[in-house]
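The values are calculated or read from the model by the stated rules, or taken from the named source; none is laboratory data. Worth saying up front: this structure is predicted, and the values here are computed from it rather than measured. Because the Cβ atoms are built from the backbone with ideal geometry, glycine has one as well, and the counts that use them run over all protein chains shown. With ligands, DNA and RNA removed, areas are computed over all heavy atoms of the protein, side chains included. Shrake-Rupley method; radii C 1.70, N 1.55, O 1.52, S 1.80 Å.
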Amino acid sequence: MKRDTERVRALLTAANDPAGDPGEGTGSLLTPHAQRTLQALREARPPRRVRPRPARRQVLLGAGLVTVGVAVVAVRGDLVQGDAGAPVAYTPPVLSLHPVEGKSAYAYLQAFARRVERLEPEPAHGTYQYSKTWGWWLHTAGDVPGGVANAAVPTVTESWVAEDGSGRQRSAYGEPLYPNPEQHKDAQDAGLVADAGVKDRNFGPGEFPAPEGDDWGGVAPFSTDPRVLARQLTEVNWEGGMIVYGVYDMLTYAGRTGPVDPRLRAAALRVLADRTGVTVATTTTWNGRSAIAVSQSETYDGSRQRETVLFDPETGYPVGTESALFGHARRLNVSVPATLTVTETLGRGRVSTTRERP
């Protein structure tokens, strides 16, 4: 795991290294090693056709694929040779999950919830809620002359959000990576690489975007009664019944302008505890932090897709997600087991201005 983490980080500079501290300048986003890797990819022979990648979650149904949401995928930082000597982009290592022992998922999550609800509310000093997140994104278009075009863009995003919905968002984008270098123009024409370098934007009251979806605003305020909260989640959770993602999005939305009440975090954990088919494990994230992993899985014809949300074991805050594929890869051009989506929250806190970091 450490070796894979270092290879991923080898592609990153301070501007888009998840463990780094980006400054205000734009500068080069890639190290010399990354530049050489990307140049080799551009000059190499085209790889085999890469199938459309998942949105945030890709559902395996029969021989086909159903995609939902926004595309996210991690791309490993070294050059890998395929059957014909062509480079193949593939994902970071699947997290190693260690099932909890001595307790059922229900009992473990209920105990976790009790610990969280006993926490003191966090002081809301400062005007802005700050967060820093990391992910590797693969955008896909299926209506281009070549059939399907893909472009992967590693992204680190920092957000400063005030209670009135104003704030600042700074996203650092790595150099686009094209699994099929010949589709560079198709991908650009399809708008798959709309962002590059550093995008720094300011928002007025009520204008800050909600990646989790604006529908949550119509459901809030969220109840601290697990039964009521479960009903609220069903009003917005569109991800094929994956309650883990409903909880993740709800808590992320609730925490974007300030600390989340410990009672709400506890209620969310109890909602997960009450759901059958949920498993609980401990793990270490790609950036070396301990986490509690709550997962749901789907299985079809030799393929199993595991959807996981990661929680901070001390606070109950969500700190990341992973979508992993096991068994048969079906129509995805990946070696299994493989991660299909990777996101991780790297920091959060309160600050007084949009130029400060905790």
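Picking from residues in region 297-313 that are in contact (Cβ under 8 Å) with a residue 24 or more places away in the chain and within 19 Å of Ala268 (Cα to Cα), the one that is surrounded by the fewest Cβ atoms within 10 Å (Cβ to Cβ) is Pro313.
Here Thr345 passes the criteria (1) open to solvent by less than 10 Å² (accessible area, probe 1.4 Å); (2) under 14 Å from the mean Cα position of the chain (by Cα); (3) among the polar types (S, T, N, Q) except the one numbered (1). Among the residues of region 96-135, those identified as closer than 25 Å to Ala254 by Cβ, among the aliphatic types (A, V, I, L, M) and not in a helix (DSSP H, G or I) are Leu119, Ala124. For region 302-358, filtering for residues that are assigned to a loop (DSSP other than H, G, I, E, B), of a type in the set (Ser, Thr, Tyr) and within 25 Å of Thr257 (Cα to Cα) leaves 5.
If the requirement is being among the acidic types (Asp, Glu) and either at pLDDT below 95 or touching a Lys or Arg at 6+ places or on another chain (Cβ under 7 Å) (or both), which of these qualifies: Glu314, Glu307? Even if it seems obvious, please write down each step before you answer.
Details: Glu314 fails: either at pLDDT below 95 or touching a Lys or Arg at 6+ places or on another chain (Cβ under 7 Å) (or both).
Sole residue among the options that is among the acidic types (Asp, Glu) and either at pLDDT below 95 or touching a Lys or Arg at 6+ places or on another chain (Cβ under 7 Å) (or both): Glu307.
For the residues Gly288, Gly255, Gly246, Gly327, the requirement of being of a type in the set (Gly, Ala, Ser) and within 25 Å of Ala124 (Cβ to Cβ) singles out Gly255. The set of residues from region 92-135 being in contact with a Pro (Cβ under 8 Å, 6 or more places away or on another chain), surrounded by fewer than 17 Cβ atoms within 10 Å (Cβ to Cβ) and among the aliphatic types (A, V, I, L, M) comprises Leu119, Ala124. Of all the residues in region 280-300, those that are within 14 Å of Tyr245 (Cα to Cα) and touching a helix residue (DSSP H, G or I) at 6+ places or on another chain (Cβ under 9 Å) number 3. A single member of Val198, Val193 is assigned to a strand (DSSP E or B), surrounded by fewer than 21 Cβ atoms within 10 Å (Cβ to Cβ) and at pLDDT below 95, and it is Val198. Against the numbered list (1) open to solvent by less than 10 Å² (accessible area, probe 1.4 Å); (2) out of contact with any helix residue (DSSP H, G or I) (no Cβ under 7 Å at 6 or more places or on another chain); (3) under 20 Å from Thr224 (Cα atoms), Leu269 comes up short only at (2).
If you take the residues in region 155-166 that are open to solvent by 10 Å² or more (accessible area, probe 1.4 Å) and assigned to a strand (DSSP E or B), which one is nearest to Ala187 (Cα to Cα)? Across region 155-166, the extreme among qualifying residues is Thr155. Gly241 falls short on exactly one of the conditions (1) buried (at least 22 other Cβ atoms within 10 Å of the Cβ); (2) on the phi > 0 side of the Ramachandran plot; (3) not aliphatic (A, V, I, L, M), and that condition is (1). Can Gln183 be described as over 19 Å from Tyr253 (Cα atoms), more than 18 Å from the chain's Cα centre (by Cα) and at pLDDT below 75? Here the answer is yes, as Gln183 does meet what is asked.
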